[in-house]
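Notes to accompany the following structure.
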Amino acid sequence: MSIRVLIADDQAMVRSGLRLILADQPDIEVVAEASDGVEAIELARRLRPDVCLVDIRMPRLDGLAVTRALAGPGVPEPLRVVVVTTFDLDEYVYGALRGGAVGFLLKDAGPALLVEAVRAAKAGDALVSPSVTVRLLTRLTAVGRPGSAPGARKPVRPLSERELEVVRAVARGRTNQEIGAELFISLSTVKSHVSGIQTKLGVRNRVEIAAWAWEQGVVAGATRDG
């Protein structure tokens, strides 16, 4: 079955460009376009697309408000939202991730990364533009000691050393396949670790795992090679 996508952006040219890129993929179908935040929420709730691509700056409601409405804490059946924006600002990244987005992509990231982000979101995975990830890692690990970030949470149960290795890999944007190759474990084992980590941290997805890792500083000693 095709991955059903909704595109929300106030610029018709951007919507057309995203549609062309996605329509070229045999497994992706654009089912709707919205030109503002209110329309995006209405269409998304009615059509229930597999993935919503949402711009930040839109009329009536911005992309962060749309993300919270569709995927935020307390939403009974959250949709998978990927924020696609021109604006590479930390406040937008954190607002999107805290609002429930499963991805944050810059518009200059290129067609391949856009397609990968859509497929990752559909699969329950997450993707954040590498340039954003590296910058945030650099900034947050330089802030101070682990756990010093505002809102930092402690796990319900301590993470094992292996789980911490998986957390660091997730925070660096690694896919499950890449984590398995790096740690010499099977794909099913990686998925099991990720599920266990989510339970221990009380988070819903990989993006929230990465956000926790950034806050806690557990990636400070990791090699950032991509």
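The values are calculated or read from the model by the stated rules, or taken from the named source; none is laboratory data. Predicted model, so just to flag it, every value in this text is computed and none were measured. With ideal geometry, Cβ positions are generated from the backbone for all residues, glycine too; neighbour counts draw on all protein chains shown. The accessibility values were calculated without ligands, DNA or RNA, using every heavy atom of the protein model including side chains. Shrake-Rupley method; radii C 1.70, N 1.55, O 1.52, S 1.80 Å.
Subtracting the Cα-Cα distance of MET13 and LEU47 from 0.36 nm times their residue separation leaves 9.9 nm of extension gain.
Evaluated at 10 °C with a viscosity of 1.306 mPa s, what Stokes-Einstein diffusion coefficient in µm²/s does the chain have when Rh comes from the Kirkwood expression over alpha-carbon pairs?
89 µm²/s
Shown in residue order for the stretch 105-110 are the 3J(HN,Hα) couplings computed by the Karplus curve 6.51 cos²θ - 1.76 cosθ + 1.60 at θ = phi - 60°: 10, 7, 5, 8, 5, x Hz (x for Gly and Pro). The distance from the alpha carbon centre of the stretch 98-130 to that of the stretch 1-67 is 13 Å, rounded to a whole number. Extension gain for GLN25-GLU178 works out to 52.7 nm (0.36 nm per residue, less the C-alpha to C-alpha distance). Report in % the part of the accessible area of the chain that belongs to carbon and sulfur, leaving out ligands and nucleic acids; probe 1.4 Å. After summing per-atom areas, the C and S share lands at 54 percent. Taking the charge dipole of the stretch 1-113 about its Cα centre, with +1 at Lys and Arg Cβ atoms and -1 at Asp and Glu Cβ atoms, the residue from PRO78, GLY99, VAL31 reaching farthest to the positive side is PRO78.
For ASP108 and ALA123, the difference between the fully extended length at 0.36 nm per residue and the C-alpha to C-alpha distance is 3.1 nm.
Note that the stretch 45-54 has calculated 3J(HN,Hα) couplings of 5, 7, 8, 6, x, 5, 9, 10, 9, 10 Hz, one per residue in order, obtained from phi through the Karplus relation 6.51 cos²θ - 1.76 cosθ + 1.60 (θ = phi - 60°); glycine and proline are x. From helices alone, the chain scores -14500 deg cm²/dmol at 222 nm; the rule is -39500 (n - 2.57) for each run of n ≥ 4 DSSP H residues, then divide by the residue total.
Pairs of lysines in the chain whose Cα atoms sit within less than 20 Å of one another amount to 4, provided the residues are eight or more positions apart or on different chains.
Heavy atoms of the protein chains alone define the surface here; on that basis the chain has 47 Å² accessible area per residue at 1.4 Å probe size.
Annotation: average projected area of the stretch 37-94 is 3.8 square nanometres, based on the convex hull of Cα atoms across all directions. For the chain, the residue among THR67, GLY124, PRO158 whose Cα projects farthest onto the positive side of the dipole built from Cβ charges is PRO158. Taken about its Cα centre, the stretch 1-91 carries a charge dipole of about 320 debye when Lys and Arg each add +1 at the Cβ and Asp and Glu each add -1 at the Cβ.
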